[in-house]
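Take a look at the structure set out below.
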Amino acid sequence: MSRVLPFLRNTRAASAAEFVLVLPLALLLLFGIIDVGNYAWTLNEYEKATQMGTRFAVVNNMVSSAFATETTETYVGTNCNGTALRAGDRICREALGTLECSSTGCVCAAAPCPGDTGSDAAAFNELVTRMQVFQPDITAESVRIEYQGSGLGFAGDPNKPEIAPLVTVRIVNATYNPISLSPFGAAVPLPDFSYSLTLEDGEGAS
C-alpha cells in the first residue's frame, strides 16, 4: 500500500490528460471558425459569378435562339393589353412571359412565349465558363437563364431582336462542403443566387 499511495498522488501527467480531453473541442471550434469565414467567402464568389454571368449574357450572344437570329419572329400583330401591336408600337411587358434556358435547352415557363424555343449550346457554355472564372465549382447543370418581358422594344424594329427582355441568370442546387463535416462526407445546401439586367446587345463577341 505504501508504494501505491505515491503513485495515486502523482499529478505530473495531469496536464497531458486534460489536453487530450480538450483537444477535440478546440479543433472543432477552430475548424468551425474557418468554415464560417470560408462559407461567407463562397457566398460572395457565387454572388459575383451570378452578377458577371448576367452582364455577360446581356452583351454577348443570347442563349435563346428566339431572340438571337435575324429571322426572329416579329411582334407586329401581337396582342398587347387587348390591342394588336402595329409597326413602331412599344412592346408591352405582358407580350413576353418567361422563357427559361438550361444545359438541356429552353422551355416556356410562363406564357406567352415565342414559337422558337431553340437554344444556342455554344453561347450557354461560354456563359458557364465565364461564371466559373469567379467560382470554379459552378456546373452547367446548376445554371439557368430566364428571359422575361420588360416593356422595352418596338414592334417591327429592323434591328433584331425587336424586344429587349429582362435577362436573369440564376444558380440553383449549389452546395458547400465544410471542413468540420468532411469526415462524414456531408454538404451544406446554399441558397439560390440570381441577378437581372435588361438586354443591351445580344449579339456581342466574348
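Coordinate-derived values only; no laboratory data. Everything numeric here is computed off the predicted structure, so don't read it as measured data. No Cβ is skipped: glycine too gets one built from the backbone with ideal geometry, and neighbour counts run over all protein chains shown.
Angle, helix 14-59 long axis vs. longest principal axis of the chain, Cα atoms, 0 to 90°, nearest 10?
10 degrees
Whose amide H sits under 5 Å from the amide H of V76, counting only residues 5 or more places off or on another chain, with H placed in the peptide plane?
G156
Using a Förster radius of 30 Å, what is the FRET efficiency between D201 and S103 based on their Cβ-Cβ separation? Nearest 0.05, please.
0.85
Determine, from the Cβ-Cβ distance of N44 and N81 and an R0 of 35 Å, the FRET efficiency 1/(1 + (r/R0)^6), rounded to the nearest 0.05.
Approximately 0.25, to the nearest 0.05.
Run the numbers on the chain and let me know its relative contact order in percent, using alpha-carbon pairs under 8 Å that are six or more apart.
27 percent
On a 0 to 90° scale, report how tilted helix 121-132 is relative to the longest principal axis of the chain, with both axes built from alpha carbons and the result rounded to the nearest 10.
Value to nearest ten degrees: 40.
Based on DSSP H runs of at least 4 residues, each adding -39500 (n - 2.57), what is the mean residue ellipticity at 222 nm of the chain after dividing by all its residues, to the nearest 500 deg cm²/dmol?
Computed mean residue ellipticity for the chain: -11000 deg cm²/dmol.
Can you give me the long-range amide H partners of Y176? Hydrogens built in the peptide plane at 1.01 Å from N, cutoff under 5 Å, separation of 5 or more residues or another chain.
HN-HN under 5 Å from Y176: V188, L190.
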